[in-house]
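Report on the structure given below.
The values are calculated or read from the model by the stated rules, or taken from the named source; none is laboratory data. All of these numbers come straight from a predicted model, not from anything done at the bench. FYI the Cβ positions are ideal-geometry reconstructions off the backbone, even for glycines, and counts take in every protein chain you see. These area figures cover heavy atoms from the full protein model, side chains too; ligands, DNA and RNA do not enter into them. Shrake-Rupley method; radii C 1.70, N 1.55, O 1.52, S 1.80 Å.
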2 protein chains.
Amino acid sequence: MKILGIVGSLRRDSYNAMLMRAAAELLPPDAELVLFDALDEIPAFNEDLEDGPVPDAVTALKEAIAEADGVLFATPEYNGSIPGFLKNALDWVSRPFENNPLRNKPAAVMGASTGMFGAVWAQAELRKVLGLIGARALERDTPVGLATMRFDAAGELADPDGRELVGETLALLADTIREREAYLADAA
Amino acid sequence: MKILGIVGSLRRDSYNAMLMRAAAELLPPDAELVLFDALDEIPAFNEDLEDGPVPDAVTALKEAIAEADGVLFATPEYNGSIPGFLKNALDWVSRPFENNPLRNKPAAVMGASTGMFGAVWAQAELRKVLGLIGARALERDTPVGLATMRFDAAGELADPDGRELVGETLALLADTIREREAYLADAA
């Protein structure tokens with residue numbers, strides 16, 4: 001199965017990018033992780049722009065989601081909520097609702113932070129937003145707080161508890177994908 | 001007093017732009033409304049970009065907020081939350097926290113929607129975010145739902161209840177600004 005990874009931070013040394021790299025190592029053996037890393041190319045959502053050609057980066061993101069069996073987010077928390085540019089990308093992807101590529105797509109959220117809480121507010125709001133877009137978001141956060149202690153100098157998630165938490169989220173996401181594919185195969 | 005108006009929708013015929021125009025008519029006599037309308041020029045927030053020159057549109061927004069006595073938002077709700085590009089603008093404005101121009105700045109939120117509820121989830125999340133940035137957001141929503149019925153063909157907020165609601169929010173915002181200025185004058 002193919003899982004699309006989306007990181008909600010653009011900075012080079014982002015702990016959430018490190019968290020996504022850790023997820024790539026902790027995937028179930030039948031899964032592969034593909035990254036979408038052009039969120040910074042997506043312009044501000046404007047309904048009027050939908051009358052013309054959709055921006056290339058939006059089309060690329062929608063296609064990447066459509067081709068994936070599930071989506072995995074690693075998000076920081078900015079001002080108690082979802083980073084604005086990540087939410088902006090989802091605002092584009094969500095339209096039109098009827099055939100947006102996140103509908104019925106299994107999804108999971110993770111979040112790294114240097115503080116104690118591991119971006120739980122951002123993860124909760126992101127799960128709410130994903131649910132409204134029609135995705136099947138796991139009702140589960142993956143909070144990796146105290147990032148400066150949990151990641152080593154090479155950017156590896158060294159902390160065993162953190163690795164276990166991420167591994168559990170990935171196993172649940174993979175189960176959800178398998179269940180959905182089995183259901184669709186039965187229904188066909 | 002000068003109030004800065006920020007509209008969280010970029011489309012030309014936005015009901016939230018109409019709502020902001022209604023607010024301009026309903027202001028207390030000692031207040032004027034100035035609009036910031038370049039949110040679409042603000043790039044995706046990236047902490048690494050803070051090492052170089054801050055993008056011009058970010059500087060313009062920070063200065064416009066600094067020069068205003070209060071800030072008034074009119075926001076739609078996208079996927080149950082704040083429009084991403086509006087949140088992205090606030091993510092830029094919020095940094096560095098210590099001297100961000102929203103700190104201690106009185107602020108109020110409004111929201112128009114074609115549905116019944118008037119963007120109350122977006123307004124609630126926006127108030128939370130403003131509070132974390134350090135603004136003094138009124139604990140009050142200004143929900144103008146059923147916009148197709150409340151605005152007339154010329155884009156005027158024709159509905160008396162809607163006008164009363166907006167007028168009350170503006171009066172409370174103006175009171176908060178006056179109280180803050182009186183306090184600062186006393187403290188000086």
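Things worth noting here:
- Chain-alone versus full-assembly comparison, segment B:1-35, residues with accessible loss of at least 50 Å² (1.4 Å probe): B:10, B:11
- The C-alpha radius of gyration of chain A, expressed as a fraction of 2.2 N^0.38 Å, stands at 0.99.
- FRET efficiency estimate (nearest 0.05) - Cβ-Cβ, residue B:104 to residue B:50, R0 22 angstrom: 0.45
- Chain B: DSSP helices with Cα axial extent of at least 18 Å and average Kyte-Doolittle hydropathy no lower than 0.0: B:120-133
- For segment A:49-136, applying the loop criterion from DSSP together with a ceiling of 14 other beta carbons within 10 Å to the trypsin sites (Lys or Arg not before Pro) yields A:103.
- Qualifying GluC sites (Glu not before Pro) in segment B:100-188, DSSP loop, other Cβ atoms within 10 Å at most 11: B:139
- Taking a Cβ cut-off of under 14 Å around residue A:127, the surrounding Lys, Arg, Asp and Glu residues balance to a net charge of 0, with basic ones at +1 and acidic ones at -1.
- Annotation for segment A:36-93 versus segment B:1-68: alpha-carbon center distance of 23 Å.
- Under 11 Å from the residue A:140 label point (7 Å along Cα→beta-carbon), backbone N, segment A:70-109: A:108-109
- Only Lys, Arg (+1) and Asp, Glu (-1) charged, at Cβ; the protein assembly as shown dipole about Cα centre in debye: 520
- For the protein assembly as shown, the solvent-accessible area works out to 44 Å² per residue, with a probe of 1.4 Å and every protein chain left in place.
- Charging the Cβ of each Asp and Glu at -1 and of each Lys and Arg at +1, and nothing else, the dipole of segment A:1-66 about its Cα centre rounds to 420 debye.
- In the protein assembly as shown, taking the dipole from charged Cβ atoms about the Cα centre, the farthest positive-side position among B:160, B:49, B:85 is held by B:160.
- Each DSSP beta bridge with both residues in the protein assembly as shown is either parallel or antiparallel, and the antiparallel ones are about 10%.
- Estimated from the Cβ-Cβ distance and a Förster radius of 35 angstrom, the FRET efficiency linking residue B:67 and residue B:153 is about 0.50.
- Heavy-atom surface analysis with a 1.4 Å probe gives the protein assembly as shown a carbon and sulfur content of 52 percent of its accessible area.
- Of the residues B:143, B:34, A:15, the one whose Cα sits farthest towards the positive end of the charge dipole of the protein assembly as shown is B:143 (charges of +1 on Lys and Arg Cβ, -1 on Asp and Glu Cβ, taken about the Cα centre).
- Descending semi-axes in whole angstrom, ellipsoid equivalent of the protein assembly as shown, from the Cα gyration tensor: 38, 25, 17
- Accessible surface buried by the B/A pair amounts to about 2300 Å², both sides summed, 1.4 Å probe.
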